[in-house]
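Visitor: One structure is given below, represented as structure tokens, and several questions about it will come after.
Where a number appears in this text, it was derived from the coordinates with a stated rule and is not lab data. If you're wondering where the values come from, they're calculated on a predicted model, not measured in any experiment. Reconstructed Cβ throughout: ideal geometry from the backbone, glycine too, with neighbour counts over all protein chains shown.
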Amino acid sequence: TVGAVALDSMGNLAAATSTGGMTNKLPGRVGDTPIVGAGCYANNASVAVSCTGTGEVFMRMLAAYDISALMEYAGLSLQDACERVILEKLPALGGSGGLIAIDREGNVALPFNSEGMYRAFAFAGDAPNVGIY
Amino acid sequence: MSKAVIAIHGGAGAISRGQLSPEREQQYVAALSAIVEKGQQMLEADASALDVVTEAVRLLEECPLFNAGIGSVFTADERHEMDACIMDGNLLQAGAVAGVRHLRNPVLAARLVLERSAHVLLIGDGAEQFAVSQGMAQVENSLFSTPERHEQLLQAREAGDTRLDHDAPPLDERSKMG
């Protein structure tokens, strides 16, 4: 799975996610990627999110929207919302993976609970950060 | 106004730096660097967030290292079925496709659904027909295959399980096992 989230100079957020799914999946299986609010979500009022991992669990959690809801309704920071979803709720349901998120203030979060994740981020005018974890 | 910013990911799984040769790791770093820098340049030129994430994901789909577009994993019947979604946080508009097999860049099809349909999610043949009606070309499903992903399928079959993007080491790293 791959994905991108961005905040532009007008203050607009967007998210995109694309995937081949899971190796050896049954034909016809659909994961979280194309389900709005599960694997991909963006709302200028809160956050843009793109997820990767065990899709069925992200779907059951509505993981991407859950980040937004925790921020919008419970007042959590981006970091706290991401930690709640990826480090607490996801493993509790047996899920593995992570997400990338940018909030409307331009804060970036890249949490994951799997062994590793490939990701990168870059602010306009700054040196990019690239990591394999 | 906050500073414009982009973040990208290339999937998750049991990646182990110990399983990656320096050359292979450099390939991943180079790919991620090039794509995030492209997005950064677009943002610096005042491109919209929607255009930036579209282009970043299109480029990730074009890179065979990652599980999307070219380099997608195999289904149990040795084909590729791909899903994609895009969402505009400004207007809360979204477009998505699922189970597409012949669209080179599923994210571009999702963008078409967002911009030119009354729907949010189109699947399978209907999604492909819509994309073609909007000018997208169809490609052979084998375009998305790589030897690494096929080997990953054989391993998953043998184990009787499904696997995340990077749960299998690259082919050139497996032969190093003692």
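Visitor: Please compute the contact order of chain A in relative form: average sequence separation of alpha-carbon pairs under 8 Å and at least six residues apart, divided by the residue count, as a percent. Present the calculation step by step, with values, prior to reporting the outcome.
Guide: Working: 267 pairs, mean separation 27.1, N = 133.
Across chain A, relative contact order equals 20 percent.
Visitor: Just want the ordering: B:145, B:21, from fewest to most Cβ atoms lying within 10 Å of their own Cβ.
Guide: Ranked by crowding around the Cβ, least crowded first: B:21, B:145.
Visitor: Which of rounded, prolate, oblate describes chain B, given a ≥ b ≥ c as roots of the alpha-carbon gyration tensor eigenvalues and a/c under 1.5 marking rounded, otherwise prolate only if a/b is larger than b/c?
Guide: oblate
Visitor: Can you pull the mean other chain C-beta count within 10 Å for peptide B:138-148?
Guide: Numbers: counts 0, 0, 0, 0, 0, 0, 1, 0, 0, 0, 0.
Going residue by residue through B:138-148 and averaging, the value is 0.
Visitor: Identify all aspartates and glutamates with a Cα-Cα distance to residue B:38 below 18 Å; exclude those on the same chain that are fewer than 8 residues away in sequence.
Guide: Once the sequence-local aspartates and glutamates are set aside, what remains near residue B:38 is A:8, A:126, B:46, B:51, B:55, B:61, B:62.
Visitor: Over the whole of B:96-102, what's the average partner chain Cβ count within 10 Å per residue? Rounded to a whole number, please.
Guide: For this peptide, the per-residue mean of nearby foreign Cβ atoms is 4.
Visitor: Further question on the same structure: Any cysteines in the protein assembly as shown with zero other Cys Cβ atoms under 4.7 Å from their Cβ? List them, or say none.
Guide: So, A:51, A:82, B:63.
Visitor: Where does each of A:22, B:87 land when they are ranked from fewest to most other beta-carbon atoms within 10 angstrom?
Guide: If I rank by nearby Cβ atoms, fewest first, I get A:22, B:87.
Visitor: Right, another one. If neighbour count is taken as other Cβ atoms inside 10 Å, put B:151, B:115 in order from fewest to most.
Guide: B:115, B:151
Visitor: Evaluate peptide A:35-42: per residue, the Cβ atoms of other protein chains within 10 Å of its Cβ; return the mean as an integer.
Guide: 6
Visitor: Amide H of residue A:76: which non-local residues (sequence gap of 5 or more, or other chain) have their own amide H closer than 5 Å, using H built in the peptide plane?
Guide: A:71
Visitor: Choose one answer from B:52, B:100, B:132: the residue with the largest mean-square fluctuation in a GNM of chain B with alpha-carbon springs under 10 Å.
Guide: Checking each option, the largest mean-square fluctuation is seen for B:132.
Visitor: How much length would be gained if the chain were fully extended between residue B:45 and residue B:30, taking 0.36 nm per residue of separation minus their Cα-Cα distance, in nm to one decimal?
Guide: The residue B:45-residue B:30 span can extend by a further 3.2 nm.
Visitor: Compare A:56, A:105, A:115 in a GNM of chain A, Cα atoms joined below 10 Å, and give the one with the largest fluctuation.
Guide: A:115
Visitor: I'd like the Karplus ³J(HN,Hα) series for segment A:58-64: coefficients 6.51, -1.76, 1.60, θ = phi - 60°, whole numbers in Hz, and an x wherever there's a Gly or Pro.
Guide: Listing the rounded values in order: 4, 5, 5, 8, 6, 4, 5 Hz.
Visitor: Under a point spin-label approximation (7 Å from Cα along Cα-to-Cβ), what is the residue A:92-residue A:79 distance to one decimal in nm?
Guide: Inter-label distance under the simple model: 2.2 nm.
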